[in-house]
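Step one of this worksheet: look at the structure below.
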Amino acid sequence: MRIIDLFAGCGGLSLGFVQAGYTLCAAFEHWHAALNVYQQNFSHPAIACDLHHWRAHTDLLNDIAPDMIIGGPPCQDFSSAGKRDEQQGRSFLTITFAEIVAYLRPKWFVMENVARAATSATWYNARQMLREAGYGLTEMILDASLCGVPQYRKRLFAIGHYGGADNELFWLLQQRLAPKPLTLRDYFGTRLGIEHYYRHPRSYQRRAVFSIDEPSPTIRGVNRPIPPNYTSHPGDTAPISPDIRPLTTVERSLIQTFPPDFIFAGTKSDVEQMIGNAVPVQQARYVADTIVQFAHLQPIHSARSFSGEQLVLL
């Protein structure tokens, strides 16, 4: 299928679909730092574009005529790490995504967002718009740790099929889920060279030291050193010692399942932010492979034995 990626970031969602065999025709991104990284890793056009003003680009969109639109509209207004205020302005880009889909009427779309978006007024309105445009919707909250990613990361995926039925992909998404979460040790073996690591908490009411025998907590856009006055939390898996350190930027990208040869460039804060914002590559591929299976009714490759874990149906 011919695909365009809206709000493409540095390309996690795109790469998962490329790995699943789809053809990316174009990507659209407004943040220059992420666009620069995207352009260094993909050969198809990556276009600097503020999609608030997408109607100025209808000729280009019509010329591409995609079979599928994918994208992760900015989530800060919904996120537990943000202000949780839909009136901040960025949440309306979810409406923009729905407007572009309704205008172009591709056969498929895939939208990713934080789980909290599922209960928002913005998504309620976008959902109505998409249903009125003729799409059957499958909405799932997928935990990345059950999709080949060594990280707890719950995200809303809304899959739209033009002329399809609601929830028609539910059983396919469900049947390939792993029976247990993927840990860092499962994924890396001993390559990290650590048993425990520090991840800066949003609040010191939460723990900050984690074991590689569990999935990583959600990779966020910040990566801070251990404060000199840090007091151990009862939930920490080890006391602070010279052996405990934060994960490196490269390690964080690998936990997001970017390949080792993926090129990141820019300031450290920009790179950390784009890694934290990205859709994990293997979670994107999990969704992409499911659509291939549904569309072509043939078995698909699974890197692991995904089955048996119940999804959240919204």
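The values are calculated or read from the model by the stated rules, or taken from the named source; none is laboratory data. These numbers come from a predicted model, not from an experiment. Glycine also receives a Cβ, built like all others from the backbone with ideal geometry; neighbour counts cover every protein chain displayed.
Points to keep in mind about this one:
- Selection over the stretch 263-283 of residues that are assigned to a helix (DSSP H, G or I) and either under 12 Å from Asn36 (Cα atoms) or in contact with a helix residue (DSSP H, G or I) (Cβ under 9 Å, 6 or more places away or on another chain) (or both) gives a count of 12.
- Pairs meeting the criteria (first residue in the stretch 125-151 and within 14 Å of Trp108 (Cα to Cα) and acidic (Asp, Glu), second residue modelled with pLDDT of 95 or more and surrounded by 23 or more Cβ atoms within 10 Å (Cβ to Cβ), beta carbons under 6 Å, at least 6 apart or on different chains) are Glu139/Ala158.
- All conditions in (1) closer than 16 Å to Glu29 by Cα; (2) modelled with pLDDT under 70; (3) outside any loop (DSSP other than H, G, I, E, B) hold for Arg90, with the sole exception of (3).
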